[in-house]
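Asks: Please find one structure pasted underneath; my questions will follow.
The values are calculated or read from the model by the stated rules, or taken from the named source; none is laboratory data. The shown structure was predicted, so the numbers you read here are calculated from the model rather than taken from an experiment. All Cβ positions, even for glycine, are placed from backbone atoms using ideal geometry, and neighbour counts span all protein chains on display.
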């Protein structure tokens with residue numbers, strides 16, 4: 001926040017926009033739930049003088065569109081399959097001023113995980129367009145114009161944040177909890193997709209205790225200490241890529257990335273990409289099991 005205010009001088013429109021962006025990224029935000037609809041059919045206004053009806057007919061989601069057309073949104077779950085999860089969510093998921101709908105796709109992990117297919121209203125075409133990715137336990141972050149979703153693989157949760165890029169919801173940040181898997185060190189891995197390109201240009205490891213109510217890319221990289229007498233540095237996450245350099249017990253490193261061990265690699269717990277700043281800055285790979293929090 002301090003970097004946003006260097007001097008109290010008049011701001012140009014562009015400078016004001018940059019300031020607003022800085023505030024939006026760093027200010028805590030509050031997740032907002034979509035409207036949970038439990039009674040069908042559901043009638044709502046899409047846009048002025050245009051009313052739609054969402055219902056389940058013959059185990060299929062259908063929408064009666066303005067003008068009398070009908071659009072199918074795919075198979076619907078049976079009542080006994082959905083448990084306590086709402087069958088329908090309604091919200092402006094892509095922040096274009098029109099309500100969208102998300103229909104229940106599945107329920108798992110004893111009800112802790114509910115997945116939805118999102119259908120975005122296209123006002124010019126006057127119909128819904130299916131979003132490419134399934135959304136788990138979706139919430140909205142209006143301050144960042146984002147949609148937050150969760151996936152679960154065994155004990156590990158992954159959070160994906162979608163944000164608007166050129167008017168389209170696109171992957172912005174992925175946060176994998178407990179990134180080091182069975183090493184049992186409380187660290188998460190971030191993979192960041194910048195809005196200008198959509199390509200991965202940054203990844204880092206952050207503390208699992210880092211707050212979840214701020215833009216993830218503003219979180220600092222976690223640090224750890226070397227816990228073994230000697231740890232060799234590697235050019236790649238591979239035992240065969242060992243360099244002639246090493247770190248010693250007690251050295252502090254910054255954690256930048258994590259890779260699990262691949263087939264044929266017996267390195268326990270996988271690999272960490274680290275930065276060490278001694279007489280000169282080094283960025284290399286080390287076995288993940290060689291650090292302590």
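Asks: Quick one: which of 286, 274, 226, 205 is surrounded by 15 or more Cβ atoms within 10 Å (Cβ to Cβ), in contact with a strand residue (DSSP E or B) (Cβ under 9 Å, 6 or more places away or on another chain) and closer than 30 Å to residue 167 by Cα?
Replies: 205
Asks: Going through 106, 67 one at a time, which residue ends up being modelled with pLDDT under 90 and outside the structural domain of residue 171 (by TED's automatic domain parsing)?
Replies: Being modelled with pLDDT under 90 and outside the structural domain of residue 171 (by TED's automatic domain parsing) holds for just one of 106, 67, which is 67.
Asks: Checking the conditions here, which among 112, 146, 172 is crowded, with 18+ Cβ neighbours inside 10 Å and either within 28 Å of residue 50 (Cα to Cα) or outside the structural domain of residue 210 (by TED's automatic domain parsing) (or both)?
Replies: 146
Asks: Also, quick follow-up: Scan region 120-165 residue by residue and report those that are modelled with pLDDT under 90 and under 11 Å from the mean Cα position of the chain (by Cα).
Replies: Matches in region 120-165: 157 only.
Conditions tested, residue by residue: (1) without any contact (Cβ under 8 Å) to a residue 24 or more places away in the chain; (2) out of contact with any helix residue (DSSP H, G or I) (no Cβ under 7 Å at 6 or more places or on another chain); (3) assigned by TED's automatic domain parsing to the domain that holds residue 68.
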{"residue": "121", "(1), (2), (3)": "no, yes, yes"}
{"residue": "125", "(1), (2), (3)": "yes, yes, yes"}
{"residue": "129", "(1), (2), (3)": "yes, yes, yes"}
{"residue": "158", "(1), (2), (3)": "yes, yes, no"}
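Asks: Further question on the same structure: Identify all residues within region 74-85 that are in a loop (DSSP other than H, G, I, E, B) and either buried (at least 18 other Cβ atoms within 10 Å of the Cβ) or free of Cβ contacts under 8 Å to residues at least 12 places away in the same chain (or both); write none if there are none.
Replies: 76, 77, 85
Asks: Now, a different point. Name the one entry in 253, 292 that is buried (at least 20 other Cβ atoms within 10 Å of the Cβ) and either touching a strand residue (DSSP E or B) at 6+ places or on another chain (Cβ under 6 Å) or over 30 Å from residue 145 (Cα atoms) (or both).
Replies: 253
Asks: Considering only strands (runs of 3 or more DSSP E) fully contained in region 234-293, which possess at least 3 residues that are more than 21 Å from residue 220 (Cβ to Cβ)?
Replies: Of the strands (runs of 3 or more DSSP E) lying wholly inside region 234-293, those with at least 3 residues that are more than 21 Å from residue 220 (Cβ to Cβ) span 242-248.
Asks: To continue, here is another question. Which members of region 103-113 meet the condition of being farther than 22 Å from residue 57 by Cβ and either under 20 Å from the mean Cα position of the chain (by Cα) or touching a residue at least 12 places away in the same chain (Cβ under 8 Å) (or both)?
Replies: Those that are farther than 22 Å from residue 57 by Cβ and either under 20 Å from the mean Cα position of the chain (by Cα) or touching a residue at least 12 places away in the same chain (Cβ under 8 Å) (or both): 108, 109, 111, 112, 113.
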